[in-house]
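Can you read through this structure? Questions will come right after.
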Amino acid sequence: MLFQRGRGHSRNDEKPRHPWLRKLCQSNVLIYLVLSSSVVNVLQALLIGLSSPWVKQHLASAYNSHDGSVYRESINTIEKSLYPPTLYDDALVLQTVENVIDAYDPGNSIAALPREGLLPSQPFPWDTSKEVYAYHGYHSLHSVQVIYRMLRELAGDEAINGHALHSLVVLWEDALCTVDTTPRSVNSVMLLNDTAVAEAGQVRYVCEDPVLESFIACIPTGTDFAY
């Protein structure tokens, strides 16, 4: 009897003294399983979403708009009048052409940059790890300046047509508005070297489809159009 009581007492001792501990462990395991399942579901949803054409298109556009070049900086935008007097007042148009466009210094577009990923350019004298490049937007300003000087030379003693001067200011304002900081080589030999150009692989991001054409109205422009 003593032996049996002892064995019975031993079996009672084998029962867990803290049943709440077992419940806590079971609860933790259940929580971990739920969390793991949720993480897997979220990852699957992300993978499915990233593979969709809509997401790919918007990711690409976001990348293109912010990474036009490795040198592109964050630019604060401001609002300017769509119809400034410098575009339509004859005196102000002429003043802008003579005092702004003709006086432009192309040297303001020059920057010393590392050559990695860029078409080789001219060496930078004070740092052999860099070369001299011109930002694309300022190259456009220089191009407008060249056109004006050619028109002035061709006109001789005659005044340049007001519409032509207006058009130069339009191109000038557009170049300033886009602020394209893509670096361009200023080495004429490299610019004509198709192999070097292909190896550099520099690109510009442009609209693939002629979006503006879809808005064109079938109305002939005449003398009443101030264009």
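The values are calculated or read from the model by the stated rules, or taken from the named source; none is laboratory data. Please read these numbers as outputs of a predicted model, since none were measured by experiment. Virtual Cβ from ideal backbone geometry, glycine too; neighbours counted across all protein chains shown.
Just to be sure before I move on: is Tyr138 under 21 Å from Lys80 (Cβ atoms), assigned to a loop (DSSP other than H, G, I, E, B) and touching a residue at least 24 places away in the same chain (Cβ under 8 Å) in the structure I sent?
When the stated conditions are applied, Tyr138 does not pass them.
Given the residues Leu82, Leu92, Leu113, which is the only one that is at pLDDT 90 or above, not charged (D, E, K, R) and not in a helix (DSSP H, G or I)?
Going through Leu82, Leu92, Leu113 in turn, the sole match is Leu113.
For (1) under 22 Å from Pro84 (Cα atoms); (2) over 25 Å from the mean Cα position of the chain (by Cα); (3) assigned to a helix (DSSP H, G or I); (4) modelled with pLDDT under 90, each residue gets a yes or a no:
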residue	(1), (2), (3), (4)
Asp127	no, yes, no, no
Leu151	no, yes, yes, no
Leu154	no, yes, yes, no
His163	yes, yes, yes, no
Leu168	yes, yes, yes, no
Glu173	yes, no, yes, no
Leu176	yes, no, yes, yes
Arg184	no, no, no, no
Tyr205	no, no, no, yes
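For the list (1) part of a loop (DSSP other than H, G, I, E, B); (2) at pLDDT 90 or above; (3) loosely packed, with under 13 Cβ neighbours inside 10 Å, I need the number of the one condition that Leu119 fails.
(3)
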